[in-house]
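**Q** Dropping a structure here in structure tokens format, bear with me for questions.
What follows draws every value from the coordinates through simple rules; no lab data is involved. On a predicted model such as this, the values are computed, not experimentally measured, just so you know. Methodologically, a virtual Cβ is constructed for each residue, glycine included, from the backbone with ideal geometry; neighbour enumeration extends over all protein chains shown.
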Amino acid sequence: MAPMFVPGPVDVDGEVLRAQTRPMLPHRSKEFEAIYARAADKARQLFLTTHRVFIMASSGTGLQEAAIRNFVEQKVLTCVNGAFAERWHEVALSNGKQAGKLEFAWDEPVEPQRVADTFRTGNYEALAIVHNETSTGMQNPVREVAQAVHTIAPDALILVDAVSSLGGVKIEMDAWGLDMVLTSSQKCLALPPGLALGAVSDRAMQKAEKVTDRGWYFDLVRMEKHRLKDSTPATPAMSLVYALDMQLDRILAEGLERRFARHAAMAKRVQVWAETHGLSVYAPEGFRSQTVTTIKNERGLDVSDLNAYLMKQEMRIANGYGPLKNRTFRIAHMGDTKLEDIDKLLVAMEEYLKNH
Ligand SMILES: *Cc1c(COP(=O)(O)O)cnc(C)c1O
């Protein structure tokens, strides 16, 4: 299989792919409900939460929308220092909410004090923040931001997009006081695309009951009623749930701490490699993503040509995102990727650099 060092969809293990070929069941059957319930139960361990985890048949963006529809009556503040935060802001606006936008330069992390100051003046009900900006390789200090907001506005809900980090980096939902943490299947969980997982706190569920116009498909109050009976309002993405059930076993067998350490080691390896090859990492030290590294293209490499070279060796990386295209390139090290896969990639890149 050709390893993909792109930030989603990532490679999926053969055994997990094959889990999808299991025959269908009636979704209201006891057999399926048992699989669904145990998958959701195992997923809670990843979020480090005792609260509920919803499994949706959608990509992660669906849960960005659900977060807005369920937990924001009128006003939300979005912190924007990259493309996926920008998307979440647009999601809020297009759902008719008053969305404040606190902008930071893309090469700067979200700053807790500025968030708190903005909250103090804005009468916001919720904060929407991206933990790991996949467009820039920035890991925002969500724990510190949540703490700062809690001090100013204890009732405000903290909504976190952890699409490209949950399962690769430790995010302590309960300990940090987060109200929703959402992710997609095709990134750190190393599953095919099509599922979104969202953990939600009790106080967020209580708030949702008071919010009107939650819609139907992403109405988490409706989802919760069904979840308590191990079911879903609409037909679940059954094959993907089979794969999720198996992949969560594999993840928990590796051990969460070991999984996080593996991601950190891969990130470090890529960072050091860049810096010893006349390149530098886009995100500042201390805020560098553990799951995807964005490297400044200071050597003026032709990123498409580099990728064509890598693809001859059955590997591929990602170009920079949006305005950072060609000015940066990205190496993802998430999911089930191993340190030796990264080493193989870096050897190939080194060969390429020798001749360019
Ligand atoms: C990939 C990504 C998204 C979008 O997720 P989809 O599953 O494609 O909808 C949102 N936020 C971040 C940080 C991402 O990396």
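**Q** Summing +1 for each Lys or Arg and -1 for each Asp or Glu, what net charge is found among the other residues whose Cβ lies under 11 Å from the Cβ of residue 146?
**A** With Lys, Arg at +1 and Asp, Glu at -1, the net is -2.
**Q** Show which aspartates and glutamates lie in cross-link reach of residue 30 when reach means a straight Cα distance below 19 angstrom and same-chain residues fewer than eight apart are skipped.
**A** By straight Cα distance, residue 30 reaches 41, 224, 230, 245.
**Q** Next up: Quick one: check the C-alpha center-to-center distance for region 38-57 versus region 91-130, whole angstrom.
**A** So the separation of the two Cα centres works out to 27 Å.
**Q** Shifting gears a bit: May I ask you to derive the relative contact order of region 255-354, considering only C-alpha pairs under 8 Å and at least 6 residues apart, and to give it as an integer percent? Don't jump to the answer; show the numbers that get you there.
**A** Values: 121 pairs, mean separation 29.0, N = 100.
Normalised by residue count, the contact order of region 255-354 is 29 percent.
**Q** Assign one of three labels to region 9-63, namely rounded, prolate or oblate, based on the Cα gyration tensor with a ≥ b ≥ c the square roots of its eigenvalues; rounded applies when a/c is under 1.5, prolate when it is not and a/b is larger than b/c, and oblate otherwise. It would help to have the intermediate numbers written out before the result.
**A** On the way: a/c = 1.57, a/b = 1.10, b/c = 1.43.
Oblate, because a/c is 1.5 or more while a/b does not exceed b/c.
**Q** Rounded, prolate or oblate, given the Cα gyration tensor of region 297-336, with a/c below 1.5 counting as rounded?
**A** oblate
**Q** Within a Cβ distance under 12 Å of residue 261, other residues only, what is the Lys/Arg minus Asp/Glu net charge?
**A** Here the count lands on +3.
**Q** Give me the percent of DSSP beta bridges within the chain that run antiparallel, rounded to the nearest 5.
**A** That works out to approximately 50 percent antiparallel.
**Q** Quickly estimate the mean residue ellipticity at 222 nm for the chain, helices only: each DSSP H run with n ≥ 4 gives -39500 (n - 2.57), and the total goes over all residues, rounded to 500.
**A** Working: 13 runs with 154 residues, N = 356.
Helix contribution divided over all residues of the chain: -13500 deg cm²/dmol.
**Q** Kirkwood Rh, Cα Rg: Rg to Rh for the chain? Could the numbers behind the result be given before it?
**A** Details: Rg = 20.2 Å, Rh = 20.7 Å.
Rg divided by Rh gives 0.97.
**Q** Could I ask something else about it? Under a crude label model (7 Å from the Cα following the beta-carbon direction), how far is residue 210 from residue 356 in nanometres?
**A** Rounded to a tenth, the inter-label distance reads 5.6 nm.
**Q** Pull out a ≥ b ≥ c, the square roots of the eigenvalues of the alpha-carbon gyration tensor of region 150-200, then state rounded if a/c is under 1.5, prolate if not and a/b is larger than b/c, and oblate in the remaining case. Walk me through the intermediate numbers first.
**A** Numbers: a/c = 3.55, a/b = 2.28, b/c = 1.56.
Prolate is the answer for region 150-200, as a/c is 1.5 or above and a/b outweighs b/c.
**Q** Cα-Cα over 26 Å: which of 187/296; 97/229; 75/296; 187/344; 101/268? Could the numbers behind the result be given before it?
**A** Details: 187/296 22 Å; 97/229 32 Å; 75/296 36 Å; 187/344 21 Å; 101/268 32 Å.
Cα-Cα > 26 Å for 97/229; 75/296; 101/268; rest within.
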